[in-house]
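Have a look at the structure below, then the notes.
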Amino acid sequence: MNTNSLQQHVNEPTRGNNILDLVMTTTDLSINGLEVTDKIGDHQMIDFSLEVQDPNTRTQHKQVLDYKRANLELMKEELGSYNYEVLMNYKNAEECYMIPKDKIATATDHHIPRKRIRPINNPPWFSQEIKRLITARQHSYRRLKRYQTEPHRQEHIHACRAVKRTIKST
């Protein structure tokens, strides 16, 4: 079960001296108050509550590094100012790995600002192709409203059908 990232929560026998009834979850799910209780036939009932996050709740903004505004020259200068031979002298391999790793992390924090990005809460079927087709449909609608000609009307009808066809095929 560990190879599939599953965790078994029932640790008491549920039929005779055997554990036959299982409650398995991924390790990031929370099971509360699991009890093996009254018998139903020759099995015992398992009672528990499962904590799940509401899928409709919006996630928080994410902080990412803003490489466009990074001061790479100062970062390069800071990283070049260390004498790595002296820092790594008489160290084992793990410590020699951690020294530049920590120095790079510190320089990154000093010289690369962070920016907040909005989470993308699109459903799994909403692919880049569907997004591109919807954008094309919106552009064709704007042209139709602006020019009101038959070719623009046909273009918009074709764009609408392309979006519908692609969504249905996913």
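Protein chains only, probe 1.4 Å: how do Tyr97, Tyr90, Tyr141, Tyr82 rank by accessible area, largest first?
Ranked from most to least accessible, the order is Tyr90, Tyr97, Tyr141, Tyr82.
When the helix-only estimate is applied to the chain (DSSP H runs of n ≥ 4, each -39,500 (n - 2.57), divided by the residue count), what is the mean residue ellipticity at 222 nm, nearest 500 deg cm²/dmol?
Taken over the chain, the calculation gives -13500 deg cm²/dmol.
Would you mind checking the pairs Lys62/Lys164; Lys62/Lys91; Lys91/Lys115; Lys76/Lys115 and listing those with alpha carbons more than 26 angstrom apart?
Lys62/Lys164; Lys62/Lys91; Lys91/Lys115
For semi-axes √(5λ) of the Cα gyration tensor in Å, the choices are [x] 22, 18, 17; [y] 30, 17, 12; [z] 46, 44, 13; which was calculated from the structure?
Looking at semi-axes √(5λ) of the Cα gyration tensor in Å for this model, the match is [z].
Mind ranking Lys131, Lys39 by accessible surface for me, highest first, 1.4 Å probe?
Lys39, Lys131
Enter the accessible area of Val52 (Å², nearest 10), with the probe set to 1.4 Å and all protein chains included.
Accessible surface of Val52 is approximately 110 Å².
Determine the per residue accessible area of the chain with all protein chains present and a 1.4 angstrom probe, expressed in square angstrom.
81 Å²
So, taking all protein chains as they sit and a 1.4 Å probe, how much accessible area belongs to Asp109, in Å² rounded to tens?
Rounded to the nearest 10, that gives 100 Å².
How much accessible surface area, in Å² rounded to 10, belongs to the heavy atoms of Leu79 with a 1.4 Å probe?
Only protein atoms counted, so the area is about 40 Å².
Given a Förster radius of 45 Å and the C-beta distance between Tyr141 and Gln63 as r, what FRET efficiency does 1/(1 + (r/R0)^6) yield to the nearest 0.05?
0.80
The values are calculated or read from the model by the stated rules, or taken from the named source; none is laboratory data. For clarity, every value in this text was computed on a predicted model and none was experimentally measured. Counting neighbours? That spans all protein chains shown, and the Cβs are built from the backbone with ideal geometry, glycine included. Side chains included, ligands, DNA and RNA excluded: accessible areas come from the protein's heavy atoms. Shrake-Rupley method; radii C 1.70, N 1.55, O 1.52, S 1.80 Å.
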